[in-house]
Amino acid sequence: MTGSGAQGSAVEWLASVAPDPEACRWEWERNPLGIALLPAGRRWDVLILPADLGYPTLDVLTRLVDRPGPVLADFGDSRMGFFVPPGTAARWLGTGVRGAGHGTWIVVPYPGRASGGMRWLIPPDGAGTLTDPSLLELAMHEAAAGMAGGTGDAAGTGGSADREDGGE
């Protein structure tokens with residue numbers, strides 16, 4: 001079962017990039033890890049930030065737009081992945097930011113479930129909403145400036161202490 005409503009649409013949207021979408025859905029639903037390996041560069045690229053920059057960036061980004069594109073985090077809280085339009089990773093220049101674009105694959109958890117070392121901070125909406133790279137860059141600059149100013153995060157609200165898991 002692929003779920004209903006937005007979750008079902010998100011599953012379909014993500015699985016559509018898989019070489020075999022049906023096998024992808026089957027793997028998500030039956031594999032205890034609840035993950036799939038999906039190719040980037042078709043409907044989206046992923047910009048991977050270190051979490052110490054990623055969380056403050058997400059704080060800024062959510063103040064700039066009602067709903068940014070999907071955002072992943074690993075359970076070790078060391079990295080975050082922001083889903084951006086295809087082709088962004090090939091053009092992105094930034095110290096410490098890795099890109100997953102055409103020719104790369106990423107581990108993606110089933111929408112709505114934490115699993116296999118990855119979790120959604122912002123799950124896909126099923127409509128294909130992605131983060132605008134210009135807004136992401138602006139949010140990263142503001143977050144970095146806030147960090148350099150000693151607030152720990154751009155919003156000055158505590159950043160990592162406000163996260164769901166309370167982790168570092």
Total residues in segment 85-103, condition exposed (fewer than 15 other Cβ atoms within 10 Å of the Cβ) and of a type outside the set (Gly, Ala, Ser):
4
Any idea how many residues of segment 48-83 are among the aromatic types (Phe, Trp, Tyr), at pLDDT 95 or above and not in a helix (DSSP H, G or I)?
2
Test Ala23 against the stated conditions and say whether it is open to solvent by less than 70 Å² (accessible area, probe 1.4 Å), of a type outside the set (Phe, Trp, Tyr) and either in a loop (DSSP other than H, G, I, E, B) or in contact with a Leu (Cβ under 7 Å, 6 or more places away or on another chain) (or both).
no
Inspect segment 28-37 for any residue being in contact (Cβ under 8 Å) with a residue 24 or more places away in the chain and under 14 Å from Pro133 (Cβ atoms) and give the result as yes or no.
no
Exactly one condition in (1) in contact (Cβ under 8 Å) with a residue 40 or more places away in the chain; (2) in contact with a Lys or Arg (Cβ under 8 Å, 6 or more places away or on another chain); (3) surrounded by fewer than 23 Cβ atoms within 10 Å (Cβ to Cβ) is not met by Leu47; state its number.
(3)
Among the listed residues Arg63, Arg67, Arg42, which satisfies the condition of being within 20 Å of Ala143 (Cβ to Cβ), open to solvent by 40 Å² or more (accessible area, probe 1.4 Å) and more than 13 Å from the chain's Cα centre (by Cα)?
Arg63
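Each row is one residue, and each column tells you yes or no for (1) more than 20 Å from Cys24 (Cα to Cα); (2) in contact with a Cys (Cβ under 6 Å, 6 or more places away or on another chain); (3) surrounded by fewer than 17 Cβ atoms within 10 Å (Cβ to Cβ).
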residue: Phe83; (1), (2), (3): no, no, no
residue: Ile122; (1), (2), (3): yes, no, no
residue: Pro133; (1), (2), (3): yes, no, no
residue: Ala145; (1), (2), (3): yes, no, yes
Exactly one condition in (1) of a type in the set (Gly, Ala, Ser); (2) in contact with a helix residue (DSSP H, G or I) (Cβ under 6 Å, 6 or more places away or on another chain); (3) surrounded by fewer than 19 Cβ atoms within 10 Å (Cβ to Cβ) is not met by Ala15; state its number.
(3)
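The values are calculated or read from the model by the stated rules, or taken from the named source; none is laboratory data. Because the structure is a prediction, the values reported are computed rather than measured. No Cβ is skipped: glycine too gets one built from the backbone with ideal geometry, and neighbour counts run over all protein chains shown. Just so you know, the surface numbers come from the protein's heavy atoms only, side chains and all, with ligands and any DNA or RNA stripped out. Shrake-Rupley method; radii C 1.70, N 1.55, O 1.52, S 1.80 Å.
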